Every structure is written in structure tokens, then in C-alpha cells.
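Chemist: Structure incoming, see below.
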Amino acid sequence: GLTGNSSYSYEASDNITGSWTDWVSRLYSHKKTRAICDYFVKESHYNVFVYEHYTGIPASTKILLKKEIGRGGSKKQHIDYKIAIDDVRTYLQNNYVYSEHFSRLADNRDFAGNFVKMRKGCDVHYATMATLIFRYYGIPARYVEGYMITPGDLKGKKAGAVISVKESRIHAWTEIYIDGYGWVPVEVTPEYYGV
């Protein structure tokens with residue numbers, strides 16, 4: 001199309017999205033080698049950067065979230081990761097309707113406010129709102145866009161094979177930062193659970 005073609009390469013491994021707690025546990029219980037110690041020193045510096053750049057939300061959004069959700073967290077005492085993930089998913093699933101078709105937002109300056117007002121949206125809306133809620137809970141979070149490639153898309157393909165990725169595979173999700181470990185993707189759009 002108008003955007004042209006691009007080539008990407010990647011390495012695939014088992015999906016660790018749902019098992020990040022196991023990986024964190026392995027990291028912390030691993031034999032303390034020089035490399036592991038160096039990792040934790042470097043990660044501690046990155047941790048400071050992440051909390052400075054990925055926890056901010058506008059004051060108006062804090063007021064909105066306090067009305068919608070109630071309690072929040074802070075950078076010094078964020079809500080437990082698993083509780084936060086469950087709370088975010090439950091809130092979004094119980095309060096919004098997934099739709100690829102919705103009217104244009106009335107106020108482009110307040111994306112979150114419009115989503116709350118309309119009570120429906122697509123993965124972009126869900127991921128944006130989830131990112132803001134995680135930040136409200138004191139957990140560093142970032143909004144991510146990319147392509148969702150499933151095992152079915154690669155079925156029968158050999159290593160090095162070229163595949164076409166359709167525009168319908170564009171997706172948005174949220175990543176949260178796990179202290180001492182790094183960024184972990186969290187699917188927050190109910191229509192995509194288990195995909």
C-alpha cells in the first residue's frame with residue numbers, strides 16, 4: 001500500500017507473558033554470579049529512570065480515576081502486581097464494550113475522559129486506559145502498538161520463510177515494569193484474552 005514494505009526478523013520462544021512470576025523467581029534464586037550481580041546493579045539504575053518516566057499521569061486523569069476506581073498507589077508503595085492486573089482487567093471487562101466501530105471522540109484532548117464517557121472502544125482505548133490505571137496504582141506502565149502474530153499464522157512455515165502480515169493484525173497492549181526484572185506485556189482487551 002501507501003506505506004510500502006518492510007522486512008523484520010525475530011526470534012520466537014515460548015510465551016512467557018503468563019509465567020513472568022516464574023521467571024522473576026528464577027532470576028532471584030539463581031546462583032549469584034558476577035554477571036547476575038552486574039545485572040542487578042545496572043537494573044537498579046534503569047529502575048530509577050523507569051519510575052521517573054513511566055509513572056506520570058495528568059492531574060485531571062487522577063481525579064477521573066479516583067472517581068472511577070477509588071484507591072490508587074504511589075511510586076513508593078505501588079499496588080501488588082497480580083492484584084493490579086486483576087483489578088484492571090476486571091474494571092475494563094465490567095465497564096466497557098469492545099467495538100471497532102464507534103463515533104469520533106468529542107474532545108481529542110481528553111482521551112481517557114472520552115473513553116469513560118462513551119463506555120466503548122477498541123484495543124487502543126483499552127490499552128491506553130490500562131496504562132493510565134497501572135500508573136495510577138504506582139506501577140510504571142507504557143502503551144505499546146505492534147502486530148500480533150499467532151502460532152496459527154506461522155503454522156507450516158519453515159525458518160527463514162517470508163510471511164505477509166495483514167493490517168488486521170495491528171494491535172495495542174500495555175506493558176508493566178516489574179522491579180528487578182523488566183517490562184512484561186499484559187493483555188487488557190477482553191476480546192484478545194487467550195489469543
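The values are calculated or read from the model by the stated rules, or taken from the named source; none is laboratory data. Fair warning: this is a prediction, and the values are worked out from it, not measured in the lab. Glycine gets a Cβ as well: all are built from the backbone with ideal geometry, and neighbour counts include every protein chain shown. Quick note on the areas: whole protein, heavy atoms, side chains included, nothing else; ligands and nucleic acids left out. Shrake-Rupley method; radii C 1.70, N 1.55, O 1.52, S 1.80 Å.
Chemist: Averaged per residue, what accessible surface does region 100-172 expose to a 1.4 Å probe, in Å²?
Modeler: Details: 4380 Å² over 73 residues.
Spelled out: the 1.4 Å probe surface of region 100-172, per residue, equals 60 Å².
Chemist: What is the gain in length, in nm to one decimal, between D179 and R34 on full extension, counting 0.36 nm per residue of separation less the C-alpha to C-alpha distance? Before the final figure, lay out the partial values.
Modeler: Values: separation 145, 0.36 × 145 = 52.20 nm, distance 1.98 nm.
That works out to 50.2 nm of additional length.
Chemist: Would you be so kind as to identify all helices of the chain, as entire DSSP H runs, whose Cα atoms reach 15 Å or more along the helix's own axis and whose mean Kyte-Doolittle hydropathy is at least 0.0?
Modeler: Working: long enough: 34-53 (29 Å, -0.32); 81-95 (21 Å, -0.69); 123-136 (19 Å, 0.40).
Span-like helices, by this rule, are 123-136.
Chemist: Kindly report, to the nearest 10 Å², the accessible surface of H45 as traced by a 1.4 Å probe over protein heavy atoms only.
Modeler: The accessible area comes out at roughly 130 Å².
Chemist: Could I ask something else about it? Leaving out ligands, DNA and RNA but keeping every protein chain, what accessible area does I36 have, in Å² rounded to the nearest 10, with a 1.4 Å probe?
Modeler: I36 has an accessible surface of roughly 20 Å² with all protein chains in place.
Chemist: Using only alpha carbon positions, build the gyration tensor of the chain, then give the equivalent ellipsoid semi-axes as the square roots of 5 times its eigenvalues, largest first, whole angstrom. Intermediate values should be presented prior to the final figure.
Modeler: Working: eigenvalues 161, 146, 44 Å².
Each semi-axis is √(5λ); the values are 28, 27, 15 Å.
Chemist: Between E145 and K76, what FRET efficiency follows from the Cβ-Cβ distance if R0 is 35 Å, with the result rounded to 0.05?
Modeler: Numbers: r = 30 Å, r/R0 = 0.87.
Efficiency computed from Cβ-Cβ geometry: 0.70.
Chemist: In a GNM of the chain with a 10 Å cut-off on Cα contacts, which of E43, E167, E68 has the highest mean-square fluctuation?
Modeler: E167
Chemist: Could you look at region 20-174 and say what percent of its accessible area is carbon and sulfur, using a 1.4 Å probe and all protein chains?
Modeler: Numbers: 5410 of 9920 Å².
Ligands and nucleic acids excluded, carbon and sulfur reach 55 percent.
Chemist: Now, a different point. I need the P(r) histogram for region 122-195: all alpha carbon pairs, bin width 5 Å from 0 out to the longest distance, whole percents.
Modeler: P(r) for region 122-195, in whole percents per bin: 3, 15, 22, 19, 15, 12, 8, 4, 1.
Chemist: G180's amide H: which non-local residues (gap 5+, or another chain) put their own amide H closer than 5 Å, with H modeled 1.01 Å from N in plane and none for Pro or chain starts?
Modeler: When sequence neighbours closer than 5 places are left aside, there are no close amide H contacts.
Chemist: So which of K67/K117; K82/K117; K31/K76; K67/K120; K31/K82; K62/K120 end up more than 22 Å apart by C-alpha?
Modeler: On the way: K67/K117 13 Å; K82/K117 27 Å; K31/K76 29 Å; K67/K120 18 Å; K31/K82 26 Å; K62/K120 20 Å.
Checking Cα-Cα distances, K82/K117; K31/K76; K31/K82 exceed 22 Å.
Chemist: How much accessible area per residue does region 15-76 have, in Å², with a 1.4 Å probe? Don't jump to the answer; show the numbers that get you there.
Modeler: Numbers: 4540 Å² over 62 residues.
I get 73 Å² per residue for this part.
Chemist: Would you work out the relative contact order for region 70-195, in percent, from Cα pairs under 8 angstrom that are 6 or more residues apart?
Modeler: 29 percent
Chemist: Another question about this same structure. Would you mind classifying region 48-138 by shape? Square roots of the alpha carbon gyration tensor eigenvalues, ordered a ≥ b ≥ c; an a/c under 1.5 is rounded, otherwise it is prolate if a/b is larger than b/c and oblate if not. Walk me through the intermediate numbers first.
Modeler: Numbers: a/c = 2.00, a/b = 1.56, b/c = 1.28.
It comes out prolate by the Cα gyration axes.
Chemist: PRE reach from K67 (point 7 Å along Cα→Cβ): which of region 113-148 fall under 19 Å by backbone N?
Modeler: Answer for region 113-148: 113-121, 129-130, 132-134, 136-137.
Chemist: On to the next question. Mean residue ellipticity at 222 nm from the helices of the chain, using -39,500 (n - 2.57) per DSSP H segment of n ≥ 4 over the full residue count, to the nearest 500 deg cm²/dmol? Could the numbers behind the result be given before it?
Modeler: Values: 7 runs with 81 residues, N = 195.
-13000 deg cm²/dmol, from helical runs alone.
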